[in-house]
Amino acid sequence: MKQALVRNVALTAVCVILGVLIALQMKNVNLSNLREENIAELQTKLIDLINKNNELAERNAELYDYVQILENDKASGNAQIESIVREKERAAIFAGLREVRNYGIVITVQSGEGIDIRDSVLRQFVNELRNLGAQAVSINDERLVATSEIRSSGSNLIINGNNYSRQEPFEIKAITDPKNETSILDYLDTVKRAILADGQIQSDQYSIQISPVPELTVPALNEDSIAFKIDLLMPKSS
């Protein structure tokens, strides 16, 4: 029963991925301007997606078999396997690949109407939060890791390869130590006042709100994100 459920969930996930990929390809096509070349290109892309789907199905089958081996070993009381699984989960949490929850702080940054938010302001808050011991940080639900980027490009801010309008509010979330709440909030308020008093950006008319949240959720880094790329990394031979 359990095996059938896992198999159905896995197949459903693969189908959903295929559907999303096809939808994304179709989204950018203007149907009123379709030409024969467009149709041929779409057919080629569809074939590529089908091939990728087959590859995903094969990979899913391999992973399913591996999970079964781990579950069988765990059920038989293999302490070594249990230790490996626990260590893998700890590594995934450390790498930002797991959604996490705890006490935290939310900083909302907004500029005046028609004024672009500066990437330097967001980076300053992120750097200060990390210096204060924040163990997980996100901007607009983009989990920040060591390889994350926060930079401006024209009217957009790019975070983990995704574009966000610089004229929209940005929400920074961070999980911090509740025992240090008073000192952390006081320090962040000092940072806020320094930013608002900066003569170079006073005309940006920033509005900055800093609030503690007893139960804050910081999302996981998407493994499809540009910030999570390991395909070029080869382990050192022993």
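The values are calculated or read from the model by the stated rules, or taken from the named source; none is laboratory data. Just so you know, these numbers come straight off a predicted model, no measurement behind them. Every residue, glycine as well, gets a Cβ built from its backbone with ideal geometry; the counts of neighbours run over all protein chains shown.
Applying the condition of being loosely packed, with under 13 Cβ neighbours inside 10 Å and assigned to a helix (DSSP H, G or I) to the stretch 68-83 and asking which residue is modelled with the lowest pLDDT yields 75. Scanning the stretch 127-166 for residues that are more than 15 Å from the chain's Cα centre (by Cα), of a type in the set (Gly, Ala, Ser), closer than 23 Å to residue 94 by Cα and surrounded by fewer than 17 Cβ atoms within 10 Å (Cβ to Cβ) yields a single hit, 133. Screening the stretch 167-187 for residues that are over 20 Å from residue 102 (Cα atoms) and in contact with a Ser or Thr (Cβ under 9 Å, 6 or more places away or on another chain) and picking the one that is surrounded by the most Cβ atoms within 10 Å (Cβ to Cβ) gives 170. Does at least one position in the stretch 85-106 carry a residue that is of a type in the set (Asp, Glu), in contact (Cβ under 8 Å) with a residue 40 or more places away in the chain and more than 20 Å from residue 191 (Cβ to Cβ)? Yes: the stretch 85-106 contains one or more residues that are of a type in the set (Asp, Glu), in contact (Cβ under 8 Å) with a residue 40 or more places away in the chain and more than 20 Å from residue 191 (Cβ to Cβ).
Each row is one residue, and each column tells you yes or no for (1) modelled with pLDDT of 95 or more; (2) touching an Asp or Glu at 6+ places or on another chain (Cβ under 7 Å).
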site	(1), (2)
185	yes, no
200	no, no
206	no, no
213	yes, no
219	no, yes
232	no, no
236	no, no
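Note on the stretch 188-209: residues that are under 28 Å from the mean Cα position of the chain (by Cα), in contact (Cβ under 8 Å) with a residue 60 or more places away in the chain and surrounded by fewer than 17 Cβ atoms within 10 Å (Cβ to Cβ) total 2. Being at pLDDT 95 or above, out of contact with any Gly (no Cβ under 7 Å at 6 or more places or on another chain), closer than 24 Å to residue 142 by Cα and charged (D, E, K, R) is a property that residue 189 has. Checking each residue in the stretch 210-225 for being assigned to a strand (DSSP E or B) and either within 20 Å of the chain's Cα centre (by Cα) or farther than 18 Å from residue 182 by Cβ (or both) picks out 215, 216, 217, 218.
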